[in-house]
1. So if I place +1 on the C-beta of Lys and Arg and -1 on the C-beta of Asp and Glu, and nothing else carries charge, what would the dipole magnitude of the chain be about its Cα centre? I want it in debye, nearest 20.
2. With the other protein chains left in place, how much accessible area per residue, in square angstrom, belongs to the chain at a 1.4 angstrom probe?
3. Taking all protein chains in place and a 1.4 Å probe, what share, in percent, of the accessible surface of the chain do carbon and sulfur account for?
4. Roughly speaking, what is the stretch gain from ASP15 to ILE34, that is 0.36 nm per residue apart minus the C-alpha to C-alpha distance, in nm to one decimal?
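The values are calculated or read from the model by the stated rules, or taken from the named source; none is laboratory data. Only a predicted model underlies this, so the values are computations on that prediction, with no experimental measurement involved. Cβ placement follows ideal geometry from the backbone for every residue including glycine, while neighbour counts extend to all protein chains displayed. Please note that ligands, DNA and RNA were not included when accessible areas were found on the heavy atoms of the full protein model with its side chains. Shrake-Rupley method; radii C 1.70, N 1.55, O 1.52, S 1.80 Å.
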Amino acid sequence: MLELQITATNIRYTDSGVSAVNVQFQSKDSEGTINLSGYIPLTPDEYLGHEALSSLTEVVRTKLIERLQPEA
């Protein structure tokens, strides 16, 4: 299983609040043979309510899996 770690959260604001969020991450497998890093862009709706690290990690994990396994 891949271990996922959030390394930074870059939040863009406008006068009305959060406009976009980029969540940077690092990930590796238990054997250390697979390494991933990058960022997942989130909309305000995807971010708000998931600010806690455990919840944000699950949102990023779900988005990452969707990117790695696109629908046919």
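1. Once rounded to the nearest 20, the dipole reads 160 debye.
2. 72 Å²
3. So the carbon and sulfur contribution to the accessible surface is 49 percent.
4. That works out to 2.7 nm of additional length.
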